[in-house]
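A.B. asks: My structure is below; once you've seen it, I'll send some questions.
Computed from the coordinates by the stated procedures, all read-outs in this text should not be read as laboratory data. Computed from a predicted structure; not experimentally measured. In this analysis, Cβ positions are derived from the backbone assuming ideal geometry, glycine residues included, and neighbour counts consider all displayed protein chains.
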Amino acid sequence: MTTECTGLAPVPICHQPCAAWRAATLALFIAWSAPAAAEGFGASWTGDFATVASGGLDRGDRHMGLVELTFDDGFVFAGRGNSLHLSVQHVYGGGFSEFQVGDLQTVSNIDADDGTRLFEAWVEVPLSESSSVLLGRYDLNTEFDAIEAGGLFLSSSQGVGPDISQTGAAGPSIFPRTAFGVRLQQRPEGGGILRGAALDVEASSETDYSDTPFAGGPMLILEYERPLQSARVKAGAWRFTRSKSGLSEPQDRDSEYGVYASIEREFAAGFVAYGRIGVANAEVSRIDLYTGGGIVCTGGLLADRDDPIGFAFGYARNGGEYEDAMHAEGVDVTSGEQAYELTWRIPFGEHLVLQPDVQYVVDPDTNPDIADALVLILRVELSL
């Protein structure tokens, strides 16, 4: 089904990118009309022009977009230098994975429910030369389970593993909805970084806000990061303190929890490889295992240019309890979903980036009735 882009309400498929031009115009107007002296302010527009070339649920086109306004500043209080960060986001055109690809891992990391939201608003205060505390609305994936090389890719699972992202009643404190949190960070004398956070879980829901922080029981997460020769290693653990009903045995209650580890290493000049594995409690979490990784060439393909190109893969496995629950309802599922991505990021000057992207999804949503999907995306970024 296709509908005309009217500019009034979100539409399933928009062949005429009028919404894209409106969003881009807004971002550019804010960016270029802002005084040059207004340091700390930023504005950007990211647009994905996507199509399902074969397979999936619907072979139509879709445009998705994200407009973001940010402000960063430093200030002195009680004799210490503190950091302030604010971010407001407007998301539109979401639903590509849900209605057209049918995949589990989400092929575009800006595909989300439409809306305008305060995304982040936090203050970071140093406690000593080697430690700090952060308070406020906070995207945990800016630090926890973040892989620098993985940031090149569009697939959401290359940003944060679905063993974490697809947990909680309303999801953890990540894009597109964040929550209030407290993060402590320490740099031990022996090297590395140790960080831990407690994040609200109810406040990330649009329909279940709580006036009292952590009233629904916080999500706790702990991570240790350490450089190791030419590599960077991370290991972490997380847990939701509120229990939930089991997937196949609703009368049995347990907490969602898991562990993860990743390694990122430059193995040759201009080449970086990374890998990640995460496991979660299969009693209450659908995804009990995720493995993924990729290779990024930072040297580019064209002479005298450093346009990064990369290949990545991800595998999300259904837990046994989820499979039992589906079979009890007479629903067939496969063991897991595989996703492969090839992408090329091409900057043009300081303000424009084009990124052609190809993805192939095997067993979308582990549903045998959905054909393997070939997805083509062109990402356009405009920034101040």
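A.B. asks: Project the alpha carbons of the stretch 207-298 onto their principal axes and report the range along each, largest first, in whole Å.
C.D. replies: Taking the Cα atoms of the stretch 207-298, the three principal extents are 53, 32, 24 Å.
A.B. asks: What is the extension gain from Arg226 to Arg80, computed as 0.36 nm multiplied by their sequence separation minus the C-alpha to C-alpha distance, in nm to one decimal?
C.D. replies: Roughly 49.9 nm would be gained on extension.
A.B. asks: Can you put Trp122, Trp238 in order of Cβ neighbours within 10 angstrom, beginning with the fewest?
C.D. replies: Trp122, Trp238
A.B. asks: So if I take the alpha carbon set of the stretch 18-383, get Rg, then get Rh from the Kirkwood formula, what is the Rg over Rh ratio?
C.D. replies: In the stretch 18-383, Rg relative to Rh is 0.96.
A.B. asks: Roughly how many debye, to the nearest 20, is the charge dipole of the stretch 18-383 about its Cα centre, given +1 on each Lys and Arg Cβ, -1 on each Asp and Glu Cβ, and no other charges?
C.D. replies: That gives a dipole near 920 debye.
A.B. asks: Right, next: Among the GluC sites (Glu not before Pro) within the stretch 293-371, which fall in a DSSP loop and have no more than 12 other Cβ atoms within 10 Å of their own Cβ?
C.D. replies: Glu329, Glu350
A.B. asks: Between the stretch 124-168 and the stretch 329-379, how many Å separate their Cα centres?
C.D. replies: The two parts, judged by their Cα centres, are 22 Å apart.
A.B. asks: Then there's this: Once fully extended, how much extra length lies between Arg305 and Phe267, figured as 0.36 nm per residue of separation less the alpha-carbon to alpha-carbon distance?
C.D. replies: So the extension gain works out to 11.6 nm.
A.B. asks: While we're looking at this one, here's another question. Distance from a point 7 Å along Cα→Cβ of Ser243 to each backbone N in the stretch 253-288: keep the residues under 17 Å and list them by number.
C.D. replies: 253-258, 281-285
A.B. asks: Taking θ as phi - 60°, what are the ³J(HN,Hα) couplings along the stretch 231-243 by the Karplus curve (6.51, -1.76, 1.60), each to the nearest whole Hz, with x for Gly and Pro?
C.D. replies: 10, 10, 10, 10, 9, x, 9, 9, 7, 8, 6, 8, 7
A.B. asks: What is the spin-label model distance, in nm, from Leu127 to Phe348 if the labels are put 7 Å beyond Cα along the C-beta direction?
C.D. replies: Distance between label points: 4.8 nm.
A.B. asks: Give the order of His63, His327, His85 when sorted by the count of other beta carbons within 10 angstrom, beginning with the fewest.
C.D. replies: With the sparsest Cβ surroundings first, the list reads His327, His85, His63.
A.B. asks: If you don't mind, another one. Output the Kirkwood hydrodynamic radius of the stretch 342-384, Cα pairs only, in Å rounded to one decimal.
C.D. replies: After inverting the mean inverse Cα-Cα distance, the result is 12.2 Å.
A.B. asks: For Val123, Val375, what ranking results if the residue with the fewest other Cβ atoms within 10 Å of its Cβ goes first?
C.D. replies: Neighbour counts put them in this order, fewest first: Val123, Val375.
A.B. asks: Follow-up question, since we're still on this one. Under 16 Å from a point 7 Å along the Cα-to-Cβ line of Ala328: which residues of the stretch 243-280 have their amide N that close?
C.D. replies: 244-254, by backbone N distance to the label point.
A.B. asks: Right, next: Among 162-175, 137-150, what's the highest-first ranking by average C-beta atoms within 10 angstrom per residue?
C.D. replies: Ranking the peptides 162-175, 137-150 by packing returns 162-175, 137-150.
A.B. asks: Per 10 Å bin from zero, what fraction in whole % of the C-alpha pairs of the stretch 277-349 is there, up to the bin with the longest pair?
C.D. replies: Computed distribution, short to long bins: 18, 32, 20, 16, 11, 3.
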